[in-house]
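I have placed the structure first, in the form of structure tokens, so that the comments after it can refer back to it.
The values are calculated or read from the model by the stated rules, or taken from the named source; none is laboratory data. Everything quoted here is computed from the prediction, not taken from an experiment. Note that each Cβ is placed from the backbone with ideal geometry, even for glycine, and that neighbours are counted across all protein chains shown.
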Amino acid sequence: MDQQTMSRQPPQPTYQEILHADGDAPPPAMFATNAPFLGTADIDKARYFSREWHDREMDRLWPRIWQMACREEQIPESGDSIVYEVGPYSILIVRGEDSRIRAFFNSCLHRGTQIRPGGSAEGTVVSTGSLTCPFHGWSWNLDGSLAHIPTQWDFAHVEEAEFDLRPVQAQTWGGFVFINMDPSAGPLETYLGDLVPHFERWPLQDRYIAAHVQKTMPCNWKIAQESFIEVLHVETTHPQTMPYIGDVNSQYDVFGDHVNRMITPQAVASPLLPPLGEQQIADSFVKELAGSPGPGAAEDFVLPQVEVAPGSNARAAMAALMRGNLTATTGVDHSGLSTSEVLDTTMYQLFPNFMPCGGGGVPVVFRFRPNGDDPDTSIMDVMLLYAFPQDGERPEPAQMTKLGLEDSWLKAPELGGICAIFEQDTANMPLVHRGMKAGGRRLLGKPGVTLANYQEIRLRHYHMMLDKYLAD
């Protein structure tokens with residue numbers, strides 16, 4: 001058996017076999033598969049910590065890619081604005097008097113002062129009728145046109161038409177606002193590729209932010225992100241989940257240049273364990289829900305009892321439970337969701353750092369980026385997007401909880417039971433970061449990171465794209 005064939009032989013059953021065995025009607029996107037052989041070369045580990053690599057990313061990557069800046073619902077009214085920052089770049093996103101969303105470099109054209117503060121205030125919504133520099137009072141209209149120059153008599157040399165705020169491309173998809181600092185970049189929809197048709201069944205614009213947590217992470221942004229794009233680590237890092245997560249049954253796909261995906265079946269025991277009964281699998285899954293049911297749950301939440309009917313299985317029983325819970329929590333009928341949509345973790349990545357979860361349950365959205373000019377720390381955002389009745393008012397988006405470098409995820413109980421998983425993942429991150437540096441290149445005698453052919457195909461895919469952007 002050659003190496004290319006071996007990379008396509010994970011333990012049985014495959015995810016597609018699990019999907020077909022459910023016997024219901026998931027959307028076509030769930031049946032799509034594409035796992036090309038991307039080679040076996042090691043990945044240069046200097047990209048995870050070197051100042052040179054960090055500087056190249058700031059010069060050639062972040063100014064050229066479409067990246068999620070905020071949700072539309074965070075700036076719902078004319079005059080609402082929010083700051084998004086990545087590395088040294090600061091972008092001001094504004095909803096104009098015409099309700100159009102625009103983005104500008106957050107810099108006064110007089111002496112460069114930030115028009116809206118970033119840093120610790122990044123992500124805070126401000127509402128006003130104009131954009132005014134806090135230093136000398138230069139101001140602009142909400143469409144970026146120059147409105148006022150204090151002591152204008154002393155600026156006779158200024159051509160007003162040349163002093164409009166410098167625009168940044170801003171387009172929307174799925175209720176998210178994306179920005180691109182490159183004026184020659186192609187349209188967002190082209191960049192999104194297969195993400196657009198895959199999410200037709202799961203319109204994220206019909207969701208609202210039920211929880212938003214932002215945490216400073218103890219490692220490079222790529223190390224933080226890579227904990228969430230494979231489940232090869234579950235056996236060692238999250239062994240408590242193995243009775244109800246089919247870790248090595250997961251499916252990995254690559255769709256074009258900018259999109260990849262991982263689908264991990266739930267209410268299926270890991271093949272790495274001795275055989276478990278269906279009731280044991282269901283009991284393990286229910287027990288994990290006991291940690292915290294997340295935002296919107298009743299204060300008197302009681303752990304449910306689930307019985308697997310004779311001749312049925314844990315997936316059917318847990319899918320029924322989850323449909324009922326979601327309907328009760330959101331007021332939206334979830335009875336039409338297929339088993340895979342309501343149970344399984346269907347996690348996409350849009351290169352380089354945006355990770356929306358598909359499915360009709362509670363989509364989790366991740367975003368990873370550098371922490372200012374520091375290659376040794378990063379910022380991770382987690383959003384939970386809940387459905388709401390479309391014939392009613394959109395609920396107010398949850399206020400962001402900010403966690404510092406030393407703060408535990410358990411300080412954000414609104415995320416529910418996934419906090420414990422995040423704690424386990426975060427404990428690994430500084431070990432990976434420091435281990436990358438151990439011995440440098442020469443002393444270890446191995447300059448790169450070695451990846452699995454199939455289970456780490458998503459890592460290889462986004463690193464190949466990273467190499468491409470940084471080489472151009």
Answer residue from segment 164-204, given it is more than 30 Å from Pro26 (Cα to Cα) and either of a type in the set (Asp, Glu) or at pLDDT below 95 (or both) and is farthest from the chain's Cα centre (by Cα) among those = Asp164
Return a yes/no flag: does segment 193-208 have any residue that is in contact with a Lys or Arg (Cβ under 7 Å, 6 or more places away or on another chain), in contact (Cβ under 8 Å) with a residue 40 or more places away in the chain and closer than 30 Å to Arg100 by Cα.
-> yes
Considering only helices (runs of 4 or more DSSP H) wholly within segment 156-227, the ones with at least 1 residues that are basic (Lys, Arg) and on the phi < 0 side of the Ramachandran plot are 221-226
Hey, does segment 12-20 have a residue that's charged (D, E, K, R) and either at positive phi or at pLDDT below 95 (or both)?
-> no
Could you tell me whether segment 432-455 includes any residue that is surrounded by 14 or more Cβ atoms within 10 Å (Cβ to Cβ) and under 19 Å from the mean Cα position of the chain (by Cα)?
-> no
Somewhere in segment 237-257, is a residue touching a Gly at 6+ places or on another chain (Cβ under 9 Å), part of a loop (DSSP other than H, G, I, E, B) and not polar (S, T, N, Q)?
-> yes
Count of segment 64-82 residues which are touching a Pro at 6+ places or on another chain (Cβ under 7 Å) and part of a strand (DSSP E or B) | 1
Look at Met58 and say whether it is in contact with a Gly (Cβ under 6 Å, 6 or more places away or on another chain) and farther than 14 Å from Val168 by Cβ.
-> yes
With respect to Ala427, determine if the residue is surrounded by fewer than 17 Cβ atoms within 10 Å (Cβ to Cβ), in a helix (DSSP H, G or I) and among the aliphatic types (A, V, I, L, M).
-> yes
Restrict the check to segment 41-49 and report whether at least one residue is farther than 30 Å from Thr128 by Cα and among the small types (Gly, Ala, Ser).
-> yes
Kindly check whether there is at least one residue in segment 423-435 that is closer than 20 Å to Cys357 by Cβ and small (Gly, Ala, Ser).
-> no
In the set Asp143, Asp55, the lone residue that is over 25 Å from the mean Cα position of the chain (by Cα), of a type in the set (Asp, Glu) and under 25 Å from Ser184 (Cα atoms) is Asp143
